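Working notes, structure below.
The values are calculated or read from the model by the stated rules, or taken from the named source; none is laboratory data. Quantities reported herein were computed from a predicted structural model and do not represent experimental measurements. All Cβ positions, even for glycine, are placed from backbone atoms using ideal geometry, and neighbour counts span all protein chains on display.
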Amino acid sequence: MTLKRVLPAVLVLLLAGAGVGATRAPRQGDVRNFWALNNSGREIREFYVSSHDATNWGNDVLGQATLPSGMGTFISFNPKSETGCIFDFKLVFTDGSNDTYQQGRDICSVYAVQFNQGESFGLVRQP
């Protein structure tokens with residue numbers, strides 16, 4: 001997984017709501033690629049994306065970057081890795097607290113996952 005670009009989450013949502021194809025362009029390459037939108041009210045210091053059946057979180061996909069509240073980032077997968085579509089997330093905030101989302105989200109059916117305070121939801125792709 002790599003961190004590609006940071007855009008305000010509001011802009012991404014506005015483009016999605018308007019049906020603008022620009023939000024779909026980055027999905028080329030791997031159906032698991034998605035936008036992560038931080039609407040938690042807190043800055044994210046570490047962001048982990050792990051297959052639902054994995055036993056550990058793996059690497060922080062933000063690396064040295066942080067993700068302020070109100071911003072989004074594009075998460076892309078190596079198309080050669082076969083991990084399925086169901087993923088969990090762990091967010092570690094700059095204040096040291098964290099939120100985990102271990103319900104198993106099908107990221108192949110969404111183009112974005114928005115993280116609010118204590119909850120998340122997927123924005124479903126339009127056909």
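Filtered by the rule that a residue be within 22 Å of Q114 (Cβ to Cβ) and out of contact with any Lys or Arg (no Cβ under 8 Å at 6 or more places or on another chain), region 59-74 gives D60, V61, G63, A65, L67, P68, G70, M71, G72.
Of all residues assigned to region 91-102, none qualifies as being within 19 Å of V31 (Cβ to Cβ) and in contact with a strand residue (DSSP E or B) (Cβ under 9 Å, 6 or more places away or on another chain).
Taken over region 55-67, the residue count meeting the criterion of being under 14 Å from the mean Cα position of the chain (by Cα), part of a loop (DSSP other than H, G, I, E, B) and either buried (at least 19 other Cβ atoms within 10 Å of the Cβ) or hydrophobic (A, V, I, L, M, F, W, C) (or both) is 2. Annotation: M71 fulfils all but one of (1) of a type outside the set (S, T, Y); (2) at pLDDT 95 or above; (3) out of contact with any helix residue (DSSP H, G or I) (no Cβ under 9 Å at 6 or more places or on another chain); the unmet one is (3).
Close Cβ contacts (under 9 Å, 6 or more residues apart or on different chains) running from residues in region 20-40 that are within 19 Å of G70 (Cβ to Cβ) and in a loop (DSSP other than H, G, I, E, B) to residues that are hydrophobic (A, V, I, L, M, F, W, C) and modelled with pLDDT of 55 or more comprise S40/L91; S40/F93; S40/F115.
All conditions but one from (1) surrounded by fewer than 18 Cβ atoms within 10 Å (Cβ to Cβ); (2) at pLDDT 95 or above; (3) in a strand (DSSP E or B) apply to L7; the one that does not is (2).
From the residues in region 68-101 that are polar (S, T, N, Q) and touching a Phe, Trp or Tyr at 6+ places or on another chain (Cβ under 8 Å), which one is surrounded by the most Cβ atoms within 10 Å (Cβ to Cβ)? That would be T73.
Filtering G118, G63, G70, G58 for residues that are of a type outside the set (V, I, T), in contact with an Asp or Glu (Cβ under 9 Å, 6 or more places away or on another chain) and either more than 14 Å from V31 (Cβ to Cβ) or free of Cβ contacts under 8 Å to residues at least 40 places away in the same chain (or both) leaves a single hit, G118. All but one of (1) at pLDDT 95 or above; (2) crowded, with 19+ Cβ neighbours inside 10 Å; (3) not hydrophobic (A, V, I, L, M, F, W, C) hold for Y111; state the number of the condition that does not hold. Evaluating Y111 over (1) at pLDDT 95 or above; (2) crowded, with 19+ Cβ neighbours inside 10 Å; (3) not hydrophobic (A, V, I, L, M, F, W, C) leaves (1) as the failure. V113 meets all of the listed conditions (1) in contact with an Asp or Glu (Cβ under 9 Å, 6 or more places away or on another chain); (2) closer than 15 Å to W35 by Cα but one, namely (1).
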